[in-house]
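What follows is a short report on a single structure.
The values are calculated or read from the model by the stated rules, or taken from the named source; none is laboratory data. Computed from a prediction, not measured in an experiment: that's the story for all the values here. When we count neighbours, we look across all protein chains shown, and the Cβ atoms used for this are built from the backbone with ideal geometry, even at glycine.
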Amino acid sequence: MRFLGLDPGLRITGWGVIEAQDNRLQHVADGVVRSDERLSLAERLVQLHDGVRAIIAEFDPLEAAVEETFVNRNPASTLKLGQARGVVLLAPALCGLPVAEYQPSVVKKAVVGTGAAAKEQVGMMIRMLLPGATLETPDAADALAIAVCHAHNRAGSLALALARVRGRR
């Protein structure tokens, strides 16, 4: 099954695509969608939307996962991040993909083993888990980590559902 992980940001949105089969994960692609800071906010949001839609069209994931927003000290930055996150949630949903959301600490715990891991630790573990990952920026590493987290959580949810069904027989 193919998953798309998205790490939303107004300037740079990281993305990563993985293939999950049983408990094996394989890197497919990763990168970033950038918006032009010289454009209006609305035009930048269109760039993010179009970039995410292009990734979905090219790599054909079955599901997407997005990192939840944390609160900054700067309210204006938080608002802009929220708007970018809304577009990043909307684009896969408009393509008919189920979209899951994960807190940063849950993603870090799934990949590194601790919810307080540093960005460098996440990047290092992604390189180990997904050989061939290009990791153009830490945002791409985070996006792959989100995809890995989703693959693990989804596999656990499916196993639980299957156990429940078998228990009813």
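Between residues in segment 100-123 that are part of a helix (DSSP H, G or I) and residues that are exposed (fewer than 14 other Cβ atoms within 10 Å of the Cβ) and hydroxyl-bearing (Ser, Thr, Tyr), which pairs lie under 7 Å by C-beta distance while being six or more apart or on different chains? Cβ pairs passing all conditions: Lys108/Thr114. Taking Glu43 and the conditions (1) exposed (fewer than 14 other Cβ atoms within 10 Å of the Cβ); (2) within 26 Å of Asn153 (Cα to Cα), which numbered condition does it fall short on, given that it satisfies the others? If we test Glu43 against (1) exposed (fewer than 14 other Cβ atoms within 10 Å of the Cβ); (2) within 26 Å of Asn153 (Cα to Cα), just (2) comes out false. Is segment 71-80 home to any residue that is in contact (Cβ under 8 Å) with a residue 24 or more places away in the chain and within 22 Å of Ala145 (Cα to Cα)? For segment 71-80, residues in contact (Cβ under 8 Å) with a residue 24 or more places away in the chain and within 22 Å of Ala145 (Cα to Cα): absent. Can you tell me which residue in segment 60-88 is farthest from Leu4 (Cα to Cα), limited to those that are surrounded by 17 or more Cβ atoms within 10 Å (Cβ to Cβ) and of a type in the set (A, V, I, L, M, F, W, C)? This residue is Leu81. For the criterion of being of a type in the set (D, E, K, R), at pLDDT 95 or above, more than 29 Å from Asn153 (Cβ to Cβ) and surrounded by 17 or more Cβ atoms within 10 Å (Cβ to Cβ), Arg38 fails.
Within segment 127-148, being in contact (Cβ under 8 Å) with a residue 60 or more places away in the chain, part of a helix (DSSP H, G or I) and of a type outside the set (Asp, Glu) holds for Leu129, Pro138, Ala140, Ala141, Ala143, Leu144, Ala145, Ile146, Ala147, Val148.
So, in segment 89-99, how many residues would count as being exposed (fewer than 15 other Cβ atoms within 10 Å of the Cβ) and part of a loop (DSSP other than H, G, I, E, B)?
Within segment 89-99, the subset exposed (fewer than 15 other Cβ atoms within 10 Å of the Cβ) is 93-94, 96, 98.
Okay, now just the ones that are also part of a loop (DSSP other than H, G, I, E, B), so 96, 98.
Residues in segment 89-99 being exposed (fewer than 15 other Cβ atoms within 10 Å of the Cβ) and part of a loop (DSSP other than H, G, I, E, B): 2 in total.
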